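In what follows, a structure is listed as structure tokens, so that the remarks can point back to it.
The values are calculated or read from the model by the stated rules, or taken from the named source; none is laboratory data. Keep in mind that this is a model prediction, so the values were computed, not measured. Here the Cβ positions follow ideal geometry from the backbone for every residue, glycine too, while neighbour counts run over all protein chains shown.
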Amino acid sequence: MTRLDGELCDNILLGSQARLPTRYGNFRIHAFVCPFTGEEHVALVKGKVAGKREVLVRLHSECVTGDVFGSERCDCGQQLDAAMKRLGRASQGILLYLAQEGRGIGIVNKVAAYHLQDHGLDTVDANRVLGFPADLRSYKCAACMLRVLGVTSIQLMTNNPAKIEELRAYGVRVTKRIPLQIPATATNVRYLRSKKERLRHLLTTPTIREARSTRRPGPR
């Protein structure tokens, strides 16, 4: 098992933190700089988590199109909303918001990948045509953030087994996986199927639900 250097992890915390009232509840926001990549990440912390076991956690990679603009090409914004609602109801919990736009390729390349998807490629092949692996993310810094926050074990909201595998490889005890599946739409069903079939995400086969008619029957 790979272990993280304690001194390196202890130095990751910037020391900047503040209260963050949100529509989901009251959190504290902690700012981090990853010593491995220089990326800036944040943690939203609900309640007192230091020394606690089985803390509810979501690792969420930045998605400006989904999280900010409400894009329906992916399920990211809806996953973030669902995770925050669940964290808001919990007595303790953590959201790690990681600066890993486009599965780590950045916003410029992500938009280029969108263009390729508009012309028939799926999300995996679009990345590869641009010269990137299907998923460029690492969760080494996330493991350090959890170590600094002092949790002893976590319950992880995710559909992605790679997150669990990598966190465990870095010494994080993941005791439970909590699914976070969002209903598919006509605009993201192909993307979700690619995540299931090509990226090993633990999803039921995404299908589009037919909208129920709200029209009242007319006179006969």
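Does segment 105-112 include one or more residues that are assigned to a helix (DSSP H, G or I), of a type outside the set (Val, Ile, Thr) and over 19 Å from Asn160 (Cβ atoms)? Before you say what the answer is, go through the steps one by one.
Taking segment 105-112 as the starting set, the residues that turn out to be assigned to a helix (DSSP H, G or I) are 107-112.
Checking the rest, the ones that are also of a type outside the set (Val, Ile, Thr) come to 109-110, 112.
Of the ones still in play, those that are also over 19 Å from Asn160 (Cβ atoms) are 109, 112.
Yes, there is a match, as at least one residue in segment 105-112 is assigned to a helix (DSSP H, G or I), of a type outside the set (Val, Ile, Thr) and over 19 Å from Asn160 (Cβ atoms).
Considering only residues of segment 104-127 that are exposed (fewer than 15 other Cβ atoms within 10 Å of the Cβ) and not small (Gly, Ala, Ser), which is nearest to the chain's Cα centre (by Cα)?
Ile107
When you scan segment 84-94, do you find a residue that is crowded, with 20+ Cβ neighbours inside 10 Å, modelled with pLDDT of 95 or more, among the aliphatic types (A, V, I, L, M) and part of a helix (DSSP H, G or I), even just one?
Residues of segment 84-94 that are crowded, with 20+ Cβ neighbours inside 10 Å, as a first pass: 84, 87, 93-94.
If we keep only those that are modelled with pLDDT of 95 or more too, we end up with 84, 87, 93-94.
In the following step, the residues that additionally are among the aliphatic types (A, V, I, L, M) were identified as 84, 87, 94.
Next, from what is left, pick out any that are part of a helix (DSSP H, G or I): 84, 87.
Checking segment 84-94: at least one residue is crowded, with 20+ Cβ neighbours inside 10 Å, modelled with pLDDT of 95 or more, among the aliphatic types (A, V, I, L, M) and part of a helix (DSSP H, G or I).
Step by step: first the residues of segment 172-189, then only those that are touching a residue at least 60 places away in the same chain (Cβ under 8 Å) and surrounded by fewer than 15 Cβ atoms within 10 Å (Cβ to Cβ), then the one that is farthest from Asp75 (Cα to Cα). Which residue is that?
Within segment 172-189, the match that is farthest from Asp75 (Cα to Cα) is Thr175.
The conditions are (1) in contact with a His (Cβ under 9 Å, 6 or more places away or on another chain); (2) among the aliphatic types (A, V, I, L, M); (3) within 30 Å of Val55 (Cβ to Cβ), and Ala126 fails exactly one of them. Which is it?
It is condition (3) that Ala126 fails.
Output the number of residues of segment 28-80 satisfying the condition of being free of Cβ contacts under 8 Å to residues at least 40 places away in the same chain and of a type in the set (Phe, Trp, Tyr).
Number of matching residues: 1.
List the number of the failed condition for Arg73; all other conditions in (1) over 27 Å from Arg193 (Cα atoms); (2) at pLDDT 95 or above; (3) of a type in the set (Lys, Arg); (4) surrounded by fewer than 20 Cβ atoms within 10 Å (Cβ to Cβ) hold.
(1)
Right, Gly66: closer than 16 Å to Ser194 by Cβ and either crowded, with 18+ Cβ neighbours inside 10 Å or not basic (Lys, Arg) (or both) or not? First the steps, then the outcome.
Details: closer than 16 Å to Ser194 by Cβ: yes; either crowded, with 18+ Cβ neighbours inside 10 Å or not basic (Lys, Arg) (or both): yes.
When the stated conditions are applied, Gly66 passes them.
Which residues, counting only those in segment 7-30, are at pLDDT below 60 and outside any strand (DSSP E or B)?
Across segment 7-30, the qualifying residues are Glu7, Leu8, Asp10.
Of everything in segment 116-145, what is within 25 Å of Val42 (Cα to Cα), out of contact with any Asp or Glu (no Cβ under 8 Å at 6 or more places or on another chain) and basic (Lys, Arg)? Give them in sequence order.
Matches in segment 116-145: Arg137 only.
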